[in-house]
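Below: one structure, written as structure tokens.
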Amino acid sequence: MSDDFVYYATVEERAEFRHLTAGLPETEIGLSAHSLFAVKAIVATVKPKRVLEIGFDRGSSSAMWLGLSDASVVSIDISDDPELHRAVAVLQNRYPGRLEFIRSDSTKVEIDPRLHQFDMAFIDGDHTEDGALSDLMMVKSLNIQWVVLDDWLEDFGPGVAIAAERAGFEPFAIFKRNIALGRFVLSRHHELA
């Protein structure tokens with residue numbers, strides 16, 4: 001598969017992405033216009049109300065979840081980059097009360113399921129097998145119904161697909177072979193309804 005296919009976006013998708021991410025710091029990594037089709041399809045399928053996001057970077061994925069749905073987002077990122085904090089402020093001003101940011105290593109954060117109930121998780125954090133597995137197991141322990149994994153392709157996330165298999169994640173749909181939407185299935189741990 002060529003990079004042209006993975007990164008392809010229509011003129012309309014590029015314009016909509018620019019609108020959704022207006023005011024955010026530019027970045028060469030993360031979700032961009034090529035991901036808009038997948039994000040729209042995921043929003044239409046899942047209809048998320050409360051999203052746990054692991055990996056904020058410059059906020060483009062949060063901007064899409066917030067702009068394309070009425071969901072609220074709790075985002076975790078370890079970075080202390082000033083551009084990240086600027087992006088958080090932009091989105092919190094644009095979507096008052098809908099974005100909570102937690103600066104932490106996702107392997108060390110504790111989320112109380114009594115206070116935070118999520119119907120979808122978006123994982124775009126550590127792409128090593130151990131890092132992705134840790135994120136998946138946290139999501140699984142929170143009984144989150146839907147999981148979206150970015151960088152499914154080995155070239156981008158060398159450990160993501162392997163960790164997903166180990167965690168009992170079963171893809172429901174794979175978009176451009178690099179974004180996977182799925183659920184946990186019966187495994188050694190438990191099955192989600």
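The values are calculated or read from the model by the stated rules, or taken from the named source; none is laboratory data. Just so it is clear, the structure is predicted and the values come from calculations on it, not from any experiment. Reconstructed Cβ throughout: ideal geometry from the backbone, glycine too, with neighbour counts over all protein chains shown. When the accessible area is computed, the model is the full protein with side chains, heavy atoms only, and any ligands, DNA or RNA have been set aside. Shrake-Rupley method; radii C 1.70, N 1.55, O 1.52, S 1.80 Å.
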Per-region count, the range 24-67, residues surrounded by 20 or more Cβ atoms within 10 Å (Cβ to Cβ) and not hydroxyl-bearing (Ser, Thr, Tyr): 22
Residue within the range 5-17 that is open to solvent by less than 90 Å² (accessible area, probe 1.4 Å), in contact with a Ser or Thr (Cβ under 6 Å, 6 or more places away or on another chain) and either assigned to a helix (DSSP H, G or I) or not hydrophobic (A, V, I, L, M, F, W, C) (or both) present: no
Any hit, the range 142-150, residues being touching an Asp or Glu at 6+ places or on another chain (Cβ under 6 Å), of a type in the set (Asp, Glu) and within 23 Å of Pro25 (Cα to Cα): yes
Set Val139, Val88, Val39: member being assigned to a helix (DSSP H, G or I) and either over 23 Å from Arg18 (Cβ atoms) or among the basic types (Lys, Arg) (or both): Val139
Residue, modelled with the lowest pLDDT, within the range 7-26, restricted to residues that are out of contact with any helix residue (DSSP H, G or I) (no Cβ under 7 Å at 6 or more places or on another chain) and of a type in the set (Val, Ile, Thr): Thr10
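Okay, residues lined up against (1) touching a residue at least 24 places away in the same chain (Cβ under 8 Å); (2) closer than 18 Å to Val51 by Cβ; (3) open to solvent by less than 20 Å² (accessible area, probe 1.4 Å):
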site: Gly125; (1), (2), (3): yes, yes, no
site: Val139; (1), (2), (3): yes, yes, yes
site: Val148; (1), (2), (3): yes, yes, yes
site: Arg166; (1), (2), (3): yes, no, no
Boolean, Asp70 is surrounded by 18 or more Cβ atoms within 10 Å (Cβ to Cβ) and part of a loop (DSSP other than H, G, I, E, B): no
